[in-house]
1. Residue by residue through the stretch 60-70, what is 3J(HN,Hα) from phi via Karplus (6.51 cos²θ - 1.76 cosθ + 1.60, θ = phi - 60°)? Round to whole Hz and write x for glycine and proline.
2. Could you pull out every residue, at least 5 positions away or on a different chain, whose amide H is within less than 5 Å of the one on G153? Hs are placed 1.01 Å off N in the peptide plane, and Pro or chain starts have none.
3. Report the calculated FRET efficiency for A52 and L28 (r = Cβ-Cβ distance, R0 = 45 Å), to the nearest 0.05.
Amino acid sequence: MRRTRAGFTMVEVLVAVLLLAVGLVGALAMQAHAMRARQESALQTEALQAAATLADRIRANAGQSSSYLGFEFDATDAQDAAAPASACSDAPCDAVALAQRELEEFRLQLAANLPSGRATVCRDDGASVGGALQWACSQSVDAPITIKIGWRGADAAPQLALRVALGPPSLSEGAP
């Protein structure tokens with residue numbers, strides 16, 4: 001006696017469709033993860049370029065490196081909108097005015113490119129607790145000038161803070 005297998009092919013097709021759907025969902029999840037990683041990489045690159053540019057400017061204006069100290073920026077703080085310094089391109093300016101203008105350009109770059117960006121320029125020994133960057137600075141006279149940059153990613157957790165140590169102060173820099 002022969003049994004009929006009615007509907008067995010339909011079950012096979014449904015299982016194949018289910019496996020295809022699971023594979024597509026996995027591929028979409030990998031694509032979303034890759035896009036988030038690309039965005040975070042772009043933010044990290046932007047922060048690194050901003051810090052490196054400011055570090056180069058501080059080195060170039062080493063005689064007034066103390067003019068850069070004390071800079072703080074927090075994009076979430078509405079009171080950070082300082083009046084722009086003179087352009088220094090229209091007319092000559094002194095080293096202090098140049099430092100103020102460079103910090104203003106740095107602030108504008110961070111505000112435009114980093115979500116909820118935060119930055120500070122200070123003297124810091126670089127001590128971190130558990131590998132996490134500490135925003136408070138040691139302000140030690142012999143500590144290197146440090147640029148700290150951070151921002152919040154899509155999950156609202158601090159993503160990264162970059163520090164660029166400029167080295168210990170030289171005789172030409174003086175104490176702050």
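1. 5, 10, 4, x, 10, 4, 5, 5, 8, 5, x
2. Q159
3. Rounded to the nearest 0.05, the efficiency is 0.80.
Each reported figure results from applying straightforward, stated rules to the coordinates on display, with no laboratory input. The shown structure was predicted, so the numbers you read here are calculated from the model rather than taken from an experiment. Note: ideal-geometry Cβ built from the backbone for every residue, glycine included; neighbour counts use all protein chains shown.
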